[in-house]
Amino acid sequence: MRDERSYIAQGKVYLIGAGPGDPELITLKAVRSLSVADVVLVDDLVDRRLLVHTRPSARIVEVGKRGGCRINSRASTPQAFIEKLMVRLARRGSTVARLKGGDPFIFGRGGEEVEALRAAGVAFEIVSGITAGIAVPAVLGIPLTHRDAARGVTFVTGHTSDGGNPDWAALRASGTTLVIYMGVKRVATIVASMRDAGFPADTPACAVQNGTLETQADVVTTLAELPAAVAASRIGSPAILVVGEVVRHARTAARATGGTEAAA
């Protein structure tokens with residue numbers, strides 16, 4: 001393990017959570033960290049209005065990537081390249097802000113980046129952000145852990161590196177609200193698997209795209225009707241799915257955010 005004193009001649013990396021989308025939902029610590037950065041590596045999902053908190057001299061580097069696809073005609077940035085870039089910049093003495101949507105450690109690959117920085121002996125600090133799985137349901141008035149309807153909340157990915165699926169039967173037995181990230185493209189397959197695992201067809205469910213932003217779009221319906229509702233509303237990524245009795249508390253009137261709903 002490298003001696004802590006070796007960090008003195010190097011820069012530092014801040015892994016910063018930018019929050020769920022709304023630029024006002026960033027933390028004060030994140031703002032302070034951005035304000036001292038020499039270089040900002042910014043993800044595709046980060047609202048560019050947050051860059052107002054950077055120094056005029058800061059170098060902004062776009063490292064957007066979304067599921068390995070191309071973004072606005074740009075090639076998606078490989079994760080390994082991002083990790084090497086952070087290490088190289090820090091070793092040159094730069095203060096680096098790695099600005100990521102949501103929270104770095106909630107389906108944000110922040111753990112992989114920490115491993116790379118630690119292995120390289122680069123100093124780093126984690127600046128937590130508000131993850132979409134908490135903030136977005138709140139916009140609809142959904143209390144994820146309402147004591148009369150849920151024993152807790154479980155964050156689940158709908159897209160895994162190995163193509164595997166969650167243990168839906170175990171999740172059904174848990175009695176928790178399910179918040180599914182990166183699942184909208186596979187919503188029909190996910191719903192079919194959940195139904196096979198015993199989830200009732202009339203379980204309340206919703207899908208929300210661009211949550212907390214002016215462009216938010218959402219549907220509130222039942223589990224069985226969720227794929228058709230998502231298709232009819234043309235909801236795409238980035239989006240989350242919420243499944244559970246707490247969804248019954250979702251607002252059914254149109255909101256100032258511009259979102260749309262299909263009531264259950």
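Looking at segment 33-46, I want the residues that are closer than 20 Å to F81 by Cα and have a partner that is among the polar types (S, T, N, Q) with Cβ atoms under 6 Å, at least 6 apart or on another chain. Which pairs are those?
Correct list of pairs: A37/T95; D38/S94; D38/T95; V39/S94; V40/T54.
Exactly one condition in (1) surrounded by 14 or more Cβ atoms within 10 Å (Cβ to Cβ); (2) in contact (Cβ under 8 Å) with a residue 40 or more places away in the chain is not met by S193; state its number.
Going through the list (1) surrounded by 14 or more Cβ atoms within 10 Å (Cβ to Cβ); (2) in contact (Cβ under 8 Å) with a residue 40 or more places away in the chain, S193 breaks only (2).
Look through D202, D218 and report the one residue that is surrounded by 19 or more Cβ atoms within 10 Å (Cβ to Cβ) and among the charged types (D, E, K, R).
Values: D202 fails: surrounded by 19 or more Cβ atoms within 10 Å (Cβ to Cβ).
Answer to the selection: D218.
In segment 64-90, what residues are outside any strand (DSSP E or B), modelled with pLDDT under 95 and surrounded by 14 or more Cβ atoms within 10 Å (Cβ to Cβ)?
Those that are outside any strand (DSSP E or B), modelled with pLDDT under 95 and surrounded by 14 or more Cβ atoms within 10 Å (Cβ to Cβ): G64, K65, S76, T77, Q79.
For segment 133-152, indicate whether the set of residues that are surrounded by fewer than 22 Cβ atoms within 10 Å (Cβ to Cβ) and in a strand (DSSP E or B) is non-empty.
Checked segment 133-152: no residue is surrounded by fewer than 22 Cβ atoms within 10 Å (Cβ to Cβ) and in a strand (DSSP E or B).
Within the set of pairs 6+ apart or on separate chains, which have a first residue in segment 239-252 that is free of Cβ contacts under 8 Å to residues at least 60 places away in the same chain and surrounded by fewer than 22 Cβ atoms within 10 Å (Cβ to Cβ), a second that is assigned to a loop (DSSP other than H, G, I, E, B) and of a type outside the set (D, E), and C-beta atoms under 7 Å apart?
T252/A263
The values are calculated or read from the model by the stated rules, or taken from the named source; none is laboratory data. Values in this document were obtained by computation on a predicted structure and should not be read as measured data. As a convention, Cβ positions derive from the backbone with ideal geometry for all residues, glycine included, and neighbour counts pool all protein chains shown.
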